[in-house]
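First comes the structure, then the notes that go with it.
Every read-out reported here was derived from the displayed coordinates using simple, explicitly stated rules and does not represent laboratory data. Being a predicted model, the structure only gives us computed values, none of them experimental. Cβ sites come from the backbone with ideal geometry, for glycine too, and all protein chains shown count toward neighbours.
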Amino acid sequence: MTTATAPTRLLEVEHLTMRFGGLVAIDDVSFSANDKEITAIIGPNGAGKTTVFNCLTGFYKPTVGRLTLHHPKGDFLLEQMEGFRIPQKASVARTFQNIRLFPQMTVLENLVVAQHNVLMSASAFSLAGLLGLRRYKDAERESIELARYWLDKVGLLDRADIDAGNLPYGDQRRLEIARAMCTEPVLLCLDEPAAGLNPKESAELNELLLFIRDSHKIGLLLIEHDMSVVMKISDHVIVLDYGCKIADGSPEAVRDDPNVIRAYLGEDEDEELPPEVLADLKIDTPKPQNMPGSE
């Protein structure tokens with residue numbers, strides 16, 4: 001008889017609070033995310049989801065709270081790190097709700113430039129590159145191989161030499177994820193990766209994120225409004241509302257939570273919802289009271 005291995009904590013957020021003057025955007029939020037799992041943070045507009053991401057990735061310094069990343073090299077206290085060092089030292093990568101590619105660089109160049117830190121180190125900050133030394137040539141070759149690997153995984157290898165700005169929107173979304181993976185993160189943070197995608201593209205996104213989790217054995221933390229993505233691929237779901245955590249658990253438990261239903265629908269959980277509302281919820285379940293709505 002085999003015994004299931006307990007999940008390993010990758011990220012621990014303790015008492016996170018973020019104030020902007022008199023506005024409390026995040027109010028004493030604590031949660032954890034496991035390694036080799038997909039953790040989703042969901043909630044209505046204005047719930048504070050992106051503020052949490054901004055604290056984790058160094059764009060904001062929390063007013064209060066401890067953000068601990070358990071890295072193979074040791075623990076990192078993210079709230080104490082300079083923003084640019086979080087991807088460099090703690091191996092936390094991020095994508096954004098609004099795509100931030102380099103549109104006039106080629107698809108391949110976008111992925112190579114993501115490996116800037118590795119290449120600069122190998123070049124001894126340009127000296128080895130200028131002299132054409134072996135160490136730099138090897139690093140450059142490896143960076144291109146890694147870029148081509150991820151282009152293949154996101155279905156863009158045949159478009160490696162076109163400008164990234166000329167890609168269709170859905171392809172740009174996948175390219176941004178590939179670029180983040182070229183930094184070889186231990187934690188990948190995705191801010192609404194399914195935003196603007198059609199159902200076919202959302203299904204392809206699901207496959208890609210599951211591949212990253214299962215084949216590359218890293219943790220993923222995502223903010224998402226598309227419940228067809230969240231409920232199908234997440235191992236763990238955290239729900240925020242008005243800056244507070246109102247639910248934390250498996251997708252099934254969160255879907256049945258009365259507080260979540262009220263936050264999303266503004267309805268009594270025992271009240272029958274009209275069919276036109278149910279059609280917009282994007283969750284495959286026969287019981288409307290069990291479904292948090294999409295926005």
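Which condition breaks for ASP191 when tested against (1) under 11 Å from the mean Cα position of the chain (by Cα); (2) free of Cβ contacts under 8 Å to residues at least 60 places away in the same chain?
(2)
Residues that are more than 15 Å from ILE238 (Cβ to Cβ): list the strands (runs of 3 or more DSSP E) wholly contained in the range 1-93 that include at least 1 such residues.
Fully inside the range 1-93 and qualifying: 9-20, 23-34, 64-71, 74-77.
How many residues are more than 17 Å from the chain's Cα centre (by Cα) and under 16 Å from GLU37 (Cα atoms) if we restrict to the range 223-250?
3
Within the group VAL107, VAL92, which residue is touching a Cys at 6+ places or on another chain (Cβ under 8 Å) and either surrounded by 14 or more Cβ atoms within 10 Å (Cβ to Cβ) or on the phi > 0 side of the Ramachandran plot (or both)?
VAL92
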